[in-house]
1. Quick one: how many lysine pairs in region 5-77 have C-alpha atoms under 15 angstrom apart, if they're 8 or more apart or on different chains?
2. Once you have all Cα-Cα distances for region 5-77, histogram them in 5 Å bins from zero and send the whole-percent values.
3. Roughly speaking, what is the stretch gain from Ser25 to Glu55, that is 0.36 nm per residue apart minus the C-alpha to C-alpha distance, in nm to one decimal?
4. Using only Cα atoms, tell me the angle between helix 16-25 and the longest principal axis of the chain; keep it within 0 to 90° and round to the nearest 10.
5. What is the magnitude of the charge dipole of region 5-77 about its Cα centre, with +1 placed on the Cβ of each Lys and Arg, -1 on the Cβ of each Asp and Glu, and no other charges, expressed in debye to the nearest 20?
Amino acid sequence: MDYCLYYQAQVKKEFCWFLVGVLKSYEHMAFDRTIDKQKSIFEFYVPPKMQKYFEDLMAYFKKEGIITSIEQKENRLLSPDAKV
């Protein structure tokens, strides 16, 4: 079974609505949610087949100043101590 790739990004607060709207327009690209509302940090679960498209879109968002950072991490839900 394949598990989603996991990313975290810091989004400029004024662009959160825009980022979520754009991602929703791409069917099955990523599941997003805010993991830290105060710091405007989002987490993304990305199917392996959508990785290139997601990374290309995030590179564009970073170039345009919509996100300030993005990092691929180990999928935190695969940990036995994971909290949802």
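Rule-based calculations on the coordinates, nothing more; no lab input. Everything numeric here is computed off the predicted structure, so don't read it as measured data. Glycine also receives a Cβ, built like all others from the backbone with ideal geometry; neighbour counts cover every protein chain displayed.
1. 7
2. Going out from 0 Å in 5 Å bins, region 5-77 shows 3, 17, 31, 29, 16, 3, 0 percent.
3. Contour length minus Cα-Cα distance gives 9.2 nm.
4. Helix 16-25 sits at roughly 70 degrees to that axis.
5. Value, rounded to 20: 120 debye.
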